[in-house]
Amino acid sequence: MQNKLKTIVVLTGSGISAESGINTFRKSNGLWEEHRIEDVATPEAWHRNPNLVLEFYNKRRKQIIEAIPNAAHLALAELEKKYKVVIITQNVDDLHERAGSSSVMHLHGEIKKSRSTFDSNLVYPIEGWELKLGDTCEMGSQLRPHIVWFGEAVPTYSEAEHRVGQADIFILIGSSLNVYPAAGLIHAVKEQASRIVIDPDANIIDPTLGFRIIAENAVAGMAKLLQELV
Ligand code: APR
């Protein structure tokens, strides 16, 4: 009889994709490509100037298509040889999937998909890097980026919280934990689980929460952890 595989749940933020050349959010002082969040990443921005919002995400989509997964993404995929691994990411890129991870939940949406402004259940892959005004769903309504904007609910949150509660080992990588409700997930980790954080900034985590801190970049930190875990 085989031993039951231990479950590793990993919560990732923009720091894991930094070494793939994608800027973390707070490093750019809250500005994305010179735009304020309020102008490009809210429902109000979409109503005010959909073209600006589409162009903004088109640029980011192009950059993500050209990026490649780094060794930290690959190491997480490698963990699947010995563990059941669930990735919960705040990132809208697809670098975990391209690295080979088989279970990836996106809390804040996926930049390579669009969805209908008429029915949010109608979600489509975007061919190429551009979504334009006039691109419509099968009901004839404008498509918008499949992104959770500031001020919108996170539809996958309850499922993510449930998954975090199943972790034997919980790993947090590259998130400042500034954005809720995602940041609240660390409180769903069960008491007996081991907790590890990989982030060059050790101050992001409350020291009373019992995390082991690996104060390194994702690539170096994951190389170390992979060696220990497999
Ligand atoms: N490896 C690991 N961590 C890194 C690296 C690296 N190479 N470089 C930076 N970091 C860490 C920073 O120290 C910081 O703690 O990554 C974290 C990045 O934090 P944020 O920029 O705040 O990004 P994130 O937490 O993912 O933001 C959450 O906010 O912008 C919105 O919706 C967007 O999903 C995003 C959410």
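Data for the structure
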read-out: Within the range 208-227, tally of residues that are open to solvent by 40 Å² or more (accessible area, probe 1.4 Å) and not in a helix (DSSP H, G or I); value: 6
read-out: Failed item in (1) at pLDDT 95 or above; (2) among the hydrophobic types (A, V, I, L, M, F, W, C); (3) closer than 16 Å to Gln90 by Cα, with Val179 passing the rest; value: (1)
read-out: Test: residue in the range 51-69 that is within 24 Å of Leu229 (Cα to Cα) and under 14 Å from the mean Cα position of the chain (by Cα); value: yes
read-out: Restricting the range 81-127 to residues that are among the small types (Gly, Ala, Ser) and in a strand (DSSP E or B), the residue that is nearest to Lys62 (Cα to Cα); value: Ser114
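A quick yes/no check of all residues on (1) of a type outside the set (Asp, Glu); (2) open to solvent by less than 20 Å² (accessible area, probe 1.4 Å); (3) at pLDDT 95 or above; (4) farther than 14 Å from Thr89 by Cα:
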position: Gly165; (1), (2), (3), (4): yes, no, yes, yes
position: Gly174; (1), (2), (3), (4): yes, yes, yes, no
position: Gln192; (1), (2), (3), (4): yes, no, yes, yes
position: Pro200; (1), (2), (3), (4): yes, no, yes, yes
position: Asp206; (1), (2), (3), (4): no, no, no, yes
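Rundown of residues vs (1) among the aliphatic types (A, V, I, L, M); (2) more than 20 Å from Thr42 (Cβ to Cβ); (3) within 16 Å of the ligand (Cβ to nearest atom), yes/no style:
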position: Tyr124; (1), (2), (3): no, yes, no
position: Val154; (1), (2), (3): yes, no, yes
position: Ser158; (1), (2), (3): no, yes, no
position: Ile171; (1), (2), (3): yes, yes, yes
position: Val189; (1), (2), (3): yes, yes, no
position: Ile196; (1), (2), (3): yes, yes, yes
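The values are calculated or read from the model by the stated rules, or taken from the named source; none is laboratory data. All of these numbers come straight from a predicted model, not from anything done at the bench. We place every Cβ from the backbone using ideal geometry, glycine too, and count neighbours over all the protein chains shown. Just so you know, the surface numbers come from the protein's heavy atoms only, side chains and all, with ligands and any DNA or RNA stripped out. Shrake-Rupley method; radii C 1.70, N 1.55, O 1.52, S 1.80 Å.
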